[in-house]
Structure formats: C-alpha cells, structure tokens
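Below is one structure, written out as structure tokens; comments come after it.
Coordinate-derived values only; no laboratory data. Not measured: the values here are computed from a predicted model. Don't worry about glycine lacking a Cβ; one is built from the backbone with ideal geometry, like all the others, and counts go over all protein chains shown.
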Amino acid sequence: MTGGRVLVVDDTAFNRRLLVRLLASIGHEALEAEHGRAALDLLRDPATPPVDVILLDIVMPEMDGYETLGILKADPLLSDLPVIVISGVDELDSVVRCIRMGAADYLPKTVDPEILRARIEASMAGKRLHDLERQTLEEQTRMLATIDRQRSELSRFLSPQVAALVSSPDGEAMLAGHRREITSMFCDLRNFTGFSEAAEPEEVLGFLRAYHGVMGPLIVAHEGTLEHFAGDGFMTFFNDPIAQPDHAARAVALAVAMREHFAELSADWRKRGHVLEIGIGIATGYATLGRIGFEGRYDYGAVGHGIILAARLSGEAAAGEILISSRTYAAAETAIDALPAGDRQLKGFSRPVPVYAVAGVRTTEVA
Amino acid sequence: MVDTVLDPAGFARLLEITGDDLEFVDELVDTYLADAVVQLEAMREAAASGDPAAMVRPAHSLKSSSENVGATSLADACRSLELDGKAGQVPEAVDRAAACETTFKAVEAALLAERAGR
C-alpha cells in the first residue's frame, strides 16, 4: 500500500516526534497538531493537503480528544476521516467511549511500530474504499446531470419527440430507418415573398418571430413531430416516432387550430398594411423515416409519396384553405367536417388527385 | 534488581523503535527533558493550589513520555497522581509532586550519563 498522510494530534512534543518519525519510517507523511482545536483548524484550512488518518490523543489542553472526536464526527466534510485514538493501557474505558463516538481504532501509548503500521493501513484501506464509493456515486450523479442537460439542450433544437428518441434505448434502431404510415402537414404563407420584399427586414423578422411563437406551441400541444421549418413554412408529421392511432385527425385538428390562431395574427398585420394568408396541405401515406443528412448536419426526416402530396396540396391551397388527401379524409372522416374540393392536377402526379377542403373539427380530441 | 529510574529494557526499546538512530534518540530525549520541566512545573502548581483536576493533564502527559523512555518509576508516580486527580482528591499532593521532581532529576542524570557513556 502506498503511503498516506497522517495527522498526529498530541500535546506532548515527545510523543508527536516519536510518532512522526515512526510514520515516516513506514512510509507515511505526517502533519502535527498540539491539541484538538489546532487539528480542526488545520483540517479546515483549504491549504492543508488531504489527510487520510488522524491519530488522536485523549488528554490534551484547549480541546481534548472527546470534544475533537465529537466535532469531527458531526462535520459532514470530516466525518469520514478515520480516527485512531492514542491511549494508555490503563485507559481502556476512554477507548470504549471513543469507539462508541465513532473512532475507528485505538493505539497503545507505548508505541509499537508494527501495531502502528497495521492499524494505520487498515484504517486507510477502509477510507480508500469509502472514498472510492463516494467518488463513484459523485461520478454517476454528474453523468446523470450531463445526460439531463443534453436532453434539455437537445429538446431546444429538436422536436421533443425526437429529442426523447435520441436518448432512448431503441433510439439507434429508429434513427437508422424504418417505414410507417404517417400523416404529414405542410403549412406556408401566401404572398410571403411579396411581403418580405415590401417590408423592412426588421419587420419581416418581427413577423416571423410572432408567427413561429404562435405556431410552435400549437405543434407541441398537438404532439406533432416538427420535421423542419424554413422561413414561412412548416413540415410536421404525426404517428412517428410516437405511435398515434388518430394521426390523421390530429393533423387536421392542428391545421384548424393554426388557421384560427393565424387569423388573429394576420388581423393585427393587416392593420399595418400587410396582407398575409396561410395555406395548409395534409396527406396520409407510408414513408421512410430516420436520420437523413450528412455527417455534421442530420435531420430526423421523412421521405415518401404522401409527403410530396402534402407539399403539393399546401401549394394548391388558397388563402386560409386546408386541403387534405382522400386517404386523410377517410382516416379522419368521423372527427372532421370536410367537403370535396374537386380533383386537382398536381405537379409530379400523373392523374388528377381527389381533394377535400376542411371546414372544421367535430371533436377536439387534442386541446 | 531492575533499575526503575531508567529501565535498560525500556530504553533499549526506544532505540529499537527508532531504528538505533542515536541522533534521533538524543533529540527525543532532549524533547522529553524539556517537556518534563514544563509538566513538573504544572504539577507543582496544581499541588500547591490544591486543584486535583489541574493535576490530571500534566501527570498524564509526563506518564506516557516517561514510559516511552523507560523512566518506569516516574511513570508510575505520575500515573498514581493522574488517577487521584481524576478521582478528585490527591492526598499529599505537594510531597508527591516534589518527589516526582527528585525522581526526574535522577532520570535526567541517567539519560545524560547514557549519552556521555557511548
């Protein structure tokens, strides 16, 4: 065992010298204090190197061994330090008292180097084990705090569902890629380009901030997975990574809520001379989901026919219109009010696509 | 007969535990002698003022260091004073404290003789 640092607390210089010498001869460094108060001052001094064991005399001026031991054991920072009481053979009653107070061991006053070595090493081994235990616990606590911090930081950059997925045990498999039916929703602004050309840049940023500030919380409240937002557009999908059996109805409910909240926002802007309108497209279909991108910048993304359809429907939607695909309509039919809005010829689609326009939701499943 | 002023076995033990480092033994002995003067002074004062509690600490301290140098008689006398002090009554305190000083003079002479005789 490597040497430790031992604090010798004894009022008799003779005893201190002898002990320090013996400790040095068995490889331990020694510090000295001539009574309990001096020992406590030394232990509490930040400049004092860490002590492994205390050798404590009982009968001392200023502060005796009992009082010192009591204070040591009551101090959370010092209570783990093993204390070996130095005692004469005729003072075993005081040894018993000290051990009851938390002393680790005792040492006869007539010092024997072998006994000294054995007792110090036993106490140090105990303390090292204890230190290791505490260190491990501290490391674990630190690690958990780091994970927590990472998760909360991640959730500022990712949708809450994706942030949770990244730190979940099956996250890697999900990120690697899987197929699932989802309902995706595209939402963007009519005439935003015109607005951003006409308005002051500060005004445009101010509007976007207000717009994101209203739409963002709605997406979170409806538990949509925000795939991306770019300027005036949002892409959100449902049923992944968290399964949502009512994904089609949820997407429509979110769209209706967005349209309502946007109306307040746009009324405000209309007063300032800017006409801004929202258009939303929703479609349901199978998609491949997972990590999309490249080293350094990945998104949790979705690829599929339904997504392209939702994007086209959003482009097709007139001001304030919510257009949904027939598959979304079929899935959400009982929960929404929608009317056929004709068959539309959409870019990239060989045949006209039947489309429904949403009037409202019947039941508000999600607040 | 065993010399109880300075028990040769006790002193030999001191040599042994210090690894026969005579220089260090001399240093220890000097420390012992200097400590002892202070403790004997405190014992004399405790005896003169009739304060048994004040007798305990110096007697205890001188007892343990005397044991370690092999001053058996002095250690025994100090132990008895310490125990009486703890009990709250030290009979013939003044005489016994004075006797300790006399014994100590003999111990001191023996220790210095040992050093001179090497």
Placed amide H near A:Arg344: partners under 5 Å, 5+ positions off or other chain: A:Val353, A:Val355
For A:260-272, B:38-50, ranked highest to lowest by mean beta-carbon neighbours within 10 Å, the order is B:38-50, A:260-272
Across the stretch A:102-108, in residue order, what do the Karplus-derived ³J(HN,Hα) couplings come to in whole Hz, using 6.51 cos²θ - 1.76 cosθ + 1.60 with θ = phi - 60° and x for Gly and Pro? x, 5, 7, 6, 9, 10, x
Enumerate the calculated ³J(HN,Hα) couplings along the stretch A:241-255 in order (Karplus 6.51 cos²θ - 1.76 cosθ + 1.60, θ = phi - 60°), each rounded to whole Hz, writing x wherever the residue is Gly or Pro. x, 9, 5, 9, x, 9, 4, 5, 5, 4, 4, 5, 4, 5, 4
Hey, can you grab everything whose amide H is under 5 Å from the amide H of A:Ala30? Only 5+ residues off in sequence or another chain; H modelled, so Pro and N-termini drop out. A:Val6
How large is log10 of I(q)/I(0) for the protein assembly as shown at q = 0.07 Å⁻¹ when the intensity is taken from the Debye formula with one equal scatterer per alpha-carbon? -0.58
Tell me, in nm to one decimal, what length is gained between A:Phe294 and A:Asp93 on full extension, where the rule is 0.36 nm per residue of separation less the Cα-Cα distance? 64.9 nm
The stretch A:206-247 and the stretch A:170-202: distance between their alpha carbon centers, rounded to Å: 8
Please give the net charge around A:Asp299, taking every other residue with its beta carbon less than 12 angstrom from that of A:Asp299, where Lys and Arg add +1 and Asp and Glu add -1. +1
Magnitude of the Cβ-charge dipole of the stretch B:1-52, K/R +1 and D/E -1, about the Cα centre, nearest 20 debye? 280
Using θ = phi - 60° and the Karplus curve 6.51 cos²θ - 1.76 cosθ + 1.60, what whole-Hz ³J(HN,Hα) does each residue of the stretch A:305-314 get, with Gly and Pro shown as x? 4, x, 6, 5, 4, 4, 5, 5, 5, 5
Gain on full stretching of the segment that runs from A:Asn191 to A:Glu121 - 0.36 nm per residue minus C-alpha separation: 17.1 nm
What size of dipole, in debye to the nearest 20, comes out for chain B about its Cα centre when the only charges are +1 on Lys and Arg C-beta atoms and -1 on Asp and Glu C-beta atoms? 320
What average count of beta carbons from other chains do you get within 10 Å of the Cβ of residues in B:59-69? 6
When DSSP assigns beta bridges and you keep just the ones with both residues in the protein assembly as shown, what percent turn out antiparallel, to the nearest 5? 65
Amide H neighbours of A:Glu227 at under 5 Å, excluding residues fewer than 5 places away on the same chain, with H built from the backbone geometry, are A:Met235, A:Thr236, A:Phe237
By a straight-distance test (C-alpha under 17 Å), which lysines pair with B:Lys63 as possible cross-link partners, with residues fewer than eight away in the same chain excluded? A:Lys109, B:Lys86, B:Lys105
At q = 0.11, 0.12, 0.21 Å⁻¹, the log10 of I(q)/I(0) for the stretch A:222-367 from a Debye sum over equal Cα scatterers comes to -0.43, -0.51, -1.38
Just want the ordering: A:Asp75, A:Asp10, B:Asp84, from fewest to most Cβ atoms lying within 10 Å of their own Cβ. A:Asp75, B:Asp84, A:Asp10
Only counting other Cβ atoms within 10 Å, I'd like A:Phe237, A:Phe192 sorted with the fewest neighbours first. A:Phe192, A:Phe237
